[in-house]
Structure formats: C-alpha cells, structure tokens
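Q: One structure, as structure tokens, below. Some questions next.
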Amino acid sequence: MKPMRHPATPHHAPGLPRLLPRGVPLHILLPSLIAAVAMLVPLFYLGLRAFEADSATLVDLVFRPRNLQLLINTLALAAGVVALTTLMAFPLAWLVTRTDIRFKKSLTVLGVIPLAVPGYVMAYALIGLGGNYGVLAQLTGFQLPRIQGYWGATLALSLYTFPYLFLNLRAALAGLDGNLEESARSLGYSQREIFRRVTLPHLMPALMAGWLVIALYVLGDFGAVALMRYEAFSYAIYTQYSGAFDRVYAAWLALMLLALALSFVMLDSLVVKRKLARIGTGVARPMTPMPLGRARFLAWPYLMALFTASIGLPVMILAYWLLLAPPDLSFFARVPGTLLRSAGAALPAALLAAAFALPLAFLTVRYPSPFATLIERSAYIGYAIPPLALALAMVFFSLRTAPFLYQTLAMLIITWAMASLALALGPIRSALLQTRPSMEEAAHSLGHGPISTFVNVIFPRLHRGILAGVVLVFVLCMKELPITFLLAPTGYTTLAVTVFTRTSEGMLAEAAPFAAAIVVFSSLSVGLLLTKEGK
Amino acid sequence: MHKSLFTAATVAATLLAAPLASAADLTLYSGRGESMVEPLISQFEQNTGISVAVRYGDTAQLAVLLQEEGRRSPADLYWGQDAGAMGALSKAGLLAELPNDIYENLPGIYTSETGNWVAASGRARVVAYSPERAGEDELPDSAFDLVDERYEGRVGWAPTNGSFQSFITAMRVEHCDERTLAWLEGMKSNGAVTFRNNTTQVQGIADGEIDFALVNSYYLPRFLDSDADFPVEQAFFADGDIGNLVNVAGIAVLESSDNREAAVEFVRFLLSSAAQQYFTGNVYEYPVTRDVIQNPVLEDFDRLLEVSPQIDLDDLEDLEGTLNLLRDAGLL
C-alpha cells in the first residue's frame, strides 16, 4: 500500500503517449482485456434495462428533481464519510508510525479489525444504542437520541471503512524518508511548514487512494444506508428494487451512480500525477519516533473512543442479542459448516481477484499509456456498481450465454472477484511501484520465461502487496449479501446469509453466533496479514 | 509452496462445488426465514419423497430475481412474506395458475382473484393496549379515531416497518391518497410516538411509555410465551375497519417450473392441517384453513373473517406510492 513511486522504465520509446500499447506481452495484455470486457457486462445490462422505457417516461425519469436531491445527498454522505474517516485514521496512523506510543502492533491490528464488521451489524448496533428502548437506556437509564439519517449513515459507514485509509496512511508514513523532513528543518522551516510542504504532499497519494476506495464504497453500500434510511442513490435504488419492483428507474439511478463514481476515479488520477522526491539513492531511512510526552493523555482517550465505537459497539450488540435469549447449544454446531462454505467461496474469489489484479497492475505500471489507464480504471466499475445491480446483470448474462454456470459456485466466485477487483488492485499496484523493473529485465535476459520470472523474481518482492489484496477481498466477500442471495448455488447458505435470514425473522440471538464467526474469522485473516508483513 | 497453496485452494473449491451440482426435485425461493421453513421442508420430504432445495433471501429481492430470470428460472416455487410481492409477480405473468380446488374453499381474504397464488398463513393487524391505562371505552373503533385529542401522545407506530407500510397501502386502496395523507399528518401532529418495529412498541406499552400501538398480531403472543403476566393486551378495531388488515405470506408455483405436479403438491402440503397447525401453534400466525386446533391466544378463525376489511391483496403492490406519501408527511 506504499504510494512512493519509483520511476518505471517504459518499454516503448518516450514521446507522445500512444493509444494502443506496443510490446505488451500477451500474458499481461490478455487477462487485462478479459477483466475490462467482464466489466462491460453490468454496463451493457444497465443500459439495456434503462432504455426499456418509452421516451416520455425516460425523460421523466432522468430529469426528475429528485435525482438532483439524491445527487446532493450522496455527495454529502461521501464527503462526510471521507472527512470523518480521515479524522479517525490519520491520528491513528500517525501514532503507530511516528511516535513512541506503546503496543503499536496491537493497535495496528485493532485498527484493521473493523473492516470485518458487516455494515448491517454496525448499523444495528448504532440504531439499537439510542432511542427510548435502546440498549443504553435499558442498561444505564441514560437516553441517547436515535442515531439515524445522515449522521447515522455517516457514522456507521465511517466506523467500518476507516481501516482502508488507515492501512494506506500507515504504509505511506512508515515509508517516508526521514532525511526529507530533516533537510527541511535544516533549511529553517517550522514544524507546521514541514508538515504542509513536505509531509502532506508525500501523503497525498495514500490519502487519495484511501479516499477513493472509501468514497466508492459509500456510493455502492446498501446495508447501512438502508437501515439508517438516508436517501442516497444506493437507498433509492434499494427501494426501487424492493418496493416498486421497478428495474428501469433502478437502472437509471445505478447509471447515474456509476457516472459519479467514474468522476471520482478520474479526479483521483488527475491528482496523483505528481512525482515524489527522495534524497539520494540509498535506502530510505525511517524517522526516529517522536516522544509523545503529555500528548499521550490525549492519545489514549482518543484511541479508547475509536475502538470502543468501531469494535466494542458491534461486539456488545452481538453479546446483547446472545444473552437476550440464548439459543440452543446444538445451534452452535452449525457454525463451522457454514463458515466453511463462506470461506470456501471467499478464498477462491480473493485469489481470482488477485490473479487478475496482477497483470492489470503490470500493465499500468510497466507499460503506461492512455489505453492502460482506461483498462485499469474500468476495474472500478465492478466495485462502484451497487452489488444488487451487478448480481442482476450476471443473472441476465449467464442465463443467456452460459446457463450451465448459473447459480453455481463458479458464478458466485467470478462475480465476487469482479466486485472486488479494484480492492485487490490497490496494494498490488503500490507494491509494484516500489520495485524496479531492472530485476525483471535481468531475469528475462538470463532466459527466464514469464512464469519462471514471476515465481522467482516478482512474487517474492510483491508478496506483501498480493497478500494485502487477497485479504481485503476475502474480508469483503465474507460479509457480502446481495450477490450471494442471487448467485450462490441454491442451498449454499453462507454466514452472512444466515445472519440476514435470522435477523429478518427477529431471531437476533440465533443470528449472533454466525455474525460473530464473520467478525472473528475475518479478524484472524487480518491478523495473519499483519504478522506476515514482518519488519 | 505458494503454488501448492493456490492449487489446494482451487481443488478445494471444486470439491465443494461438485456435490451441489446434483439437483433436487423442487427448488423453492423463500422470503421466509430458514428457522421457520426448515422443519416444514423436512416434513414434506419425509411425507412425499420429493426433495426440495431452498434459496433463502429477502422477499423483494427474490421477486426481482424471478423477474430477471423470467422463463429461464430454475425455481419451481416462490414463498413471499407479503401480498405486494406476490401481486407484482402475478402481474408480470410469472406465476402458473393453481388448480382451483386448492383455493375454492378458502375465505376470500386468503386468495388472489387471479388464482395464481394463495395465502399460506395470515398476519392480522391489531391495536395493542395497556389494560391498566386504557379504559374499555377508550378502545378505538377505527384507526382513523386515533387522531382524536384524547389519544394525544399515547399511540405508538412504526412508519418505517414493512407491515405498517402494507397497511398504509391498503388504506390508500380503500380510502384514497388524500384521506390517508390527512390521517398520517393528523397522527403526527397528535404526537404519535415513532418506534423502530412491532416488538419495541409492545415493549413500550409494557414500560408505560405509550398506551396504544398499531402492530401485527403475533408479537404479543411471543412476549406472553416467556412472561404470562406481561401487562399488554390486544384487540381488533370495529368489524371491517382498515386497521384490521389481514396481510398474508403467499405461496405460488412458477410458470417456469418443469415439475409443476410436485410443486402443486408442496402448495397442498402448506395448506394441509399439519402445516397450518405449525403456523398457528409455533409462530402465532393465522391459519388459512379451518381444520386446525385453535391457538388460544389468537382470535377465532370466524371472528377474523368478520373483522377483516375486504381488500384485494393483489392491489397491495404499489409500495412506491406509499413511500412517497410517507415522505410527503415527513415520516421517512
């Protein structure tokens, strides 16, 4: 996830950027093209549905004033979540990389665990907290106003997406060359100026990468937004599908949402164009940790508050459900099998996503061209599109072209991989940016083929990035709902589906062990990621 | 080592997928939860030797999925939680006609005029109240009475709840949008207390925060199950009032089914006295047939028919209009 850029030597001659790449090996070009074409499937489907309406209805649908309101609401939500996650992630990343605070390793793990919390559990936790008969009122008699609407959605989304930004910032801060700030200091810059003119610009790529992933997540999230009943695009799409059974207006809303997502993606690629400096050619020297001193009296309460809200709250609500009406013990016996089904689909999906993210990352980093950028950016379509719309597109597509694949495990895995390809791409691309192409070239010239080069040269240097990508996708798939509902083999109930069907019948206690299994198992995989990272 | 990991994962995935390829005789898309459906499925399989694979999901999302699948759908049966979804599928021409002996003896409130689907169980709306704080003469005759001054600040409701919204849709069908909107606004200005769902409203009466609540009939029995002295009672409004709407969970055979005979057999099974007894005995819903032992905590079957308004359940599909109305009233 480190955003520092080493110049990659493009294989084609310098000059005008060319549209069609030359000299891109087939084993990179072909998978990249397959990924890009796959992303066209949902676009094609939405277009088809959108133009089913007659022209009068069409004009009415597209130019409703409500769309503008939805746009404003969605932008406000994305801005709110981006701002709040920054407030949550930045101090945390700073504390664990730049200061002498204790228990850094544990704090880091705690900072990533919220990713494992399903959005609907977080939303339930927040909603259940406030109100007349909220958990808080029942336990302490103290009554909090009901948490819902804009602030509820912003808070819920922020509490489980901030780790994306934290991971990016932590890597960037840790990779920052200590010499830079020291040089700036020796030139007479004040601490504040150093931060603004040296540190911050170097953190921009990490900030942008994190913000982009979070903003796109916000656009597509149904669960929390729907439970908080905030009128964003995704909620409107949800009510269209579920309330009015209307696929035409829903398709228009999804297309508008995609246009918004693509403008975010473009904005990101405009900002992250600048080259970043290092001093000298040696190894970047890590910074000496800053002593916290009295500031720790501020730091610890902040950390307590952050983790109480992001981990304590959902754990508390699960425990509360469980204690409210303890389910039969035999019930717990079903958790392992369900867990196996969840993981058995999520792991192949994560590997598949990483397998396609690798050639995509190589294409953009080693063979940059407008074409490469276009292909790489198309990967964000699957991530930004509302999952329900993506699932319906795959239903439509597979029933017409490959009915034997319909509602098979393979279909679920492919669709999950499409939905999360962008998530795997981030860390792999960052890792690749930090390695120089000279090693690969040397391997080539020594007669190694692409596979041998990958196994012996590339993989050892990218394994952290690949592992990070795999874990991010895995964690997302473990809690995924709409795609599973529609595309999983009939009878293939995952943990997330079980949690949903139990909560919808009001059997919260029975849902709790399955929800806990999601959180615990995903947390373990996150822990694995961080221990493998090594020093 | 890494390569072997990849290979192992792929092999594991394939092995996991293989046994699932074997298809059951029937495929059921169920909007009703697993905990409730599962015992019935095993009973059916035991009785008939017909195997059933169940896809669980959200009632509405499964309905949209069926629309997308069209005649290519692998599903034979759809079991939805409310009449709106059934009506939408029926309108889309996706449901097969049922043999009329299945529904001809059922009361009108439990059948569709199209004959394409039939209720599997009934879920009545009632007014729950505190017997201590609400006098006998205070029990309202109509949901429309609740905007009256004497109910100010004493009534709970849950405008975001699905079954409440179905009730509003029914009110719109019966009494037009203007009157419904006026009622919503009247309730709001009369200080109706907003709750999240039915359960919290019933709890709210017990805790003394409100005296009346608009809820589904099967929540109070669940409370009484664990606490026989629970200080809440419930009643119907006057006969035929819209407040007594009986919504249903419906079952239908799909036009795309390649095993209709077995599918129809499943429908018959759900309407059999064994299954009906299970609905009323275990989950406190109303049976749709008479030949079951009355659950003592529920109203009598014939009484239910007297009190319920006559609404064509196929008309309850316009949820979007209801959501708009609730938005206009500032409740969403």
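Q: For the range B:277-287, which residues satisfy the criterion of being away from chain A (no Cβ under 14 Å) and crowded, with 19+ Cβ neighbours inside 10 Å?
A: B:Tyr278, B:Thr280, B:Tyr286, B:Pro287
Q: State which residue is least open to solvent (accessible area, probe 1.4 Å) when the search covers only the range B:193-219 and only residues that are touching a residue at least 24 places away in the same chain (Cβ under 8 Å) and over 24 Å from the mean Cα position of the chain (by Cα).
A: B:Ile210
Q: Another question about this same structure. With respect to A:Phe362, determine if the residue is open to solvent by 10 Å² or more (accessible area, probe 1.4 Å), in contact (Cβ under 8 Å) with a residue 60 or more places away in the chain and either assigned by TED's automatic domain parsing to the domain that holds A:Gly119 or within 29 Å of A:Ala224 (Cα to Cα) (or both).
A: no
Q: Further question: Could you tell me which numbered condition A:Thr408 fails, if it satisfies all but one of (1) facing chain B (nearest Cβ under 10 Å); (2) farther than 30 Å from A:Ala511 by Cα; (3) among the polar types (S, T, N, Q)?
A: Failed condition: (2).
Q: Let me ask something else. In the range B:262-273, which residue that is open to solvent by 10 Å² or more (accessible area, probe 1.4 Å) and within 20 Å of the chain's Cα centre (by Cα) is modelled with the lowest pLDDT?
A: Filtering the range B:262-273 for residues that are open to solvent by 10 Å² or more (accessible area, probe 1.4 Å) and within 20 Å of the chain's Cα centre (by Cα), the one modelled with the lowest pLDDT comes out as B:Ser273.
Q: So, in the range A:208-236, of the ones that are in a helix (DSSP H, G or I) and within 11 Å of another protein chain (Cβ to nearest Cβ), which residue ends up most open to solvent (accessible area, probe 1.4 Å)?
A: A:Leu227
Q: Output the residues belonging to the range A:426-464 that are open to solvent by less than 40 Å² (accessible area, probe 1.4 Å), in contact with a His (Cβ under 9 Å, 6 or more places away or on another chain) and aliphatic (A, V, I, L, M).
A: Answer for the range A:426-464, where residues must be open to solvent by less than 40 Å² (accessible area, probe 1.4 Å), in contact with a His (Cβ under 9 Å, 6 or more places away or on another chain) and aliphatic (A, V, I, L, M): A:Ala431, A:Leu433, A:Val457.
Q: For the range A:338-371, give me each residue that is among the small types (Gly, Ala, Ser) and under 22 Å from the mean Cα position of the chain (by Cα).
A: A:Ser342, A:Ala343, A:Gly344, A:Ala345, A:Ala346, A:Ala349, A:Ala350, A:Ala353, A:Ala354, A:Ala355, A:Ala357, A:Ala361
Q: Suppose the filter is open to solvent by 10 Å² or more (accessible area, probe 1.4 Å), aliphatic (A, V, I, L, M) and not assigned by TED's automatic domain parsing to the domain that holds A:Gly465; does A:Leu200 pass it?
A: Yes; evaluated as a whole, the condition is true for this residue.
Q: Give the number of residues within the range B:71-115 that are more than 26 Å from B:Arg290 (Cβ to Cβ) and without any contact (Cβ under 8 Å) to a residue 40 or more places away in the chain.
A: Qualifying residue count for the region: 1.
Q: Being free of Cβ contacts under 8 Å to residues at least 12 places away in the same chain and open to solvent by 20 Å² or more (accessible area, probe 1.4 Å) is the requirement here; does B:Pro296 meet it?
A: Answer is yes for this residue.
Residues are listed down the side, and each one gets a yes or a no for (1) away from every other protein chain (no Cβ under 14 Å); (2) open to solvent by 30 Å² or more (accessible area, probe 1.4 Å); (3) among the aliphatic types (A, V, I, L, M):
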{"residue": "B:Leu224", "(1), (2), (3)": "yes, yes, yes"}
{"residue": "B:Phe237", "(1), (2), (3)": "yes, no, no"}
{"residue": "B:Gly243", "(1), (2), (3)": "yes, no, no"}
{"residue": "B:Arg260", "(1), (2), (3)": "yes, yes, no"}
{"residue": "B:Ala275", "(1), (2), (3)": "yes, no, yes"}
{"residue": "B:Thr289", "(1), (2), (3)": "yes, no, no"}
{"residue": "B:Ser308", "(1), (2), (3)": "yes, no, no"}
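Q: Let me ask something else about it. Pull up the range B:144-160, narrow it to residues that are touching a strand residue (DSSP E or B) at 6+ places or on another chain (Cβ under 9 Å) and not in a helix (DSSP H, G or I), then point me to the one that is modelled with the lowest pLDDT.
A: Looking at residues that are touching a strand residue (DSSP E or B) at 6+ places or on another chain (Cβ under 9 Å) and not in a helix (DSSP H, G or I), I get B:Thr160.
Q: Out of B:Thr111, B:Thr160, B:Thr169, which single residue is hydroxyl-bearing (Ser, Thr, Tyr), closer than 25 Å to B:Ala85 by Cα and more than 14 Å from chain A (Cβ to nearest Cβ)?
A: After ruling out the rest, the residue left standing is B:Thr111.
Q: Considering only residues that are of a type in the set (Gly, Ala, Ser) and under 28 Å from the mean Cα position of the chain (by Cα), which ones fall in the range A:416-467?
A: Scanning the range A:416-467 gives A:Ala417, A:Ala419, A:Ser420, A:Ala422, A:Ala424, A:Gly426, A:Ser430, A:Ala431, A:Gly465.
Q: Scan the range A:146-167 residue by residue and report those that are at pLDDT 70 or above and either within 13 Å of chain B (Cβ to nearest Cβ) or more than 28 Å from the chain's Cα centre (by Cα) (or both).
A: Scanning the range A:146-167 gives A:Ile147, A:Gln148, A:Gly149, A:Gly152.
Results for (1) surrounded by fewer than 17 Cβ atoms within 10 Å (Cβ to Cβ); (2) of a type in the set (D, E, K, R); (3) facing another protein chain (nearest Cβ under 10 Å), shown as yes or no for each residue.
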residue	(1), (2), (3)
B:Pro39	yes, no, no
B:Glu45	yes, yes, no
B:Tyr56	no, no, yes
B:Thr59	no, no, yes
B:Arg72	yes, yes, yes
B:Ala85	no, no, yes
B:Ser90	no, no, no
B:Trp117	no, no, no
B:Val126	no, no, no
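Q: Here's something else I'd like to know. Would you check which residues across the range A:332-368 are at pLDDT below 90, in contact with a Pro (Cβ under 7 Å, 6 or more places away or on another chain) and either within 12 Å of chain B (Cβ to nearest Cβ) or in a helix (DSSP H, G or I) (or both) and list them?
A: Correct list: A:Phe332, A:Val335, A:Arg366.
Q: Where in the range A:41-124 are there helices (runs of 4 or more DSSP H), lying wholly inside it, with at least 2 residues that are touching a Gly at 6+ places or on another chain (Cβ under 9 Å) and open to solvent by 10 Å² or more (accessible area, probe 1.4 Å)?
A: A:65-98
Q: Could I ask something else about it? Conditions first: (1) closer than 29 Å to A:Leu405 by Cα; (2) open to solvent by 20 Å² or more (accessible area, probe 1.4 Å). B:Leu65 passes all but one, so which condition is the exception?
A: All conditions are met except number (2).
Q: Counting only residues that are at pLDDT 85 or above, away from chain B (no Cβ under 14 Å) and over 26 Å from A:Leu358 (Cα atoms), give me the helices (runs of 4 or more DSSP H) lying completely in the range A:418-535 with at least 3 of them.
A: By residue number, A:508-533.
Q: Would you mention how many residues in the range B:128-143 are surrounded by 20 or more Cβ atoms within 10 Å (Cβ to Cβ) and either outside the structural domain of B:Asn324 (by TED's automatic domain parsing) or assigned to a helix (DSSP H, G or I) (or both)?
A: Count: 1.
Q: Tally up the residues in the range A:369-399 that are surrounded by fewer than 20 Cβ atoms within 10 Å (Cβ to Cβ) and at pLDDT 90 or above, please.
A: Of the residues in that region, 2 qualify.
Q: So, one more: Among the residues of the range B:260-287, write down those that are closer than 18 Å to B:Gly240 by Cα and touching a Phe, Trp or Tyr at 6+ places or on another chain (Cβ under 6 Å).
A: Those that are closer than 18 Å to B:Gly240 by Cα and touching a Phe, Trp or Tyr at 6+ places or on another chain (Cβ under 6 Å): none in the range B:260-287.
Q: Quick one: would you say A:Leu180 is farther than 15 Å from A:Val82 by Cα, open to solvent by less than 10 Å² (accessible area, probe 1.4 Å) and in contact with a Ser or Thr (Cβ under 9 Å, 6 or more places away or on another chain)?
A: Against the criterion (farther than 15 Å from A:Val82 by Cα, open to solvent by less than 10 Å² (accessible area, probe 1.4 Å) and in contact with a Ser or Thr (Cβ under 9 Å, 6 or more places away or on another chain)), A:Leu180 does not qualify.
Q: Assigned to a loop (DSSP other than H, G, I, E, B), within 14 Å of chain A (Cβ to nearest Cβ) and more than 19 Å from B:Trp79 (Cα to Cα): which single residue out of B:Leu331, B:Leu323 fits that description?
A: The unique qualifying residue is B:Leu331.
The values are calculated or read from the model by the stated rules, or taken from the named source; none is laboratory data. Quick caveat, the model's predicted, so the values are computed rather than measured. Neighbour counts are summed over all protein chains in view; Cβ atoms, including those assigned to glycine, are modelled from backbone coordinates with ideal geometry. Protein only, heavy atoms only, side chains kept; ligands, DNA and RNA dropped before computing areas. Shrake-Rupley method; radii C 1.70, N 1.55, O 1.52, S 1.80 Å.
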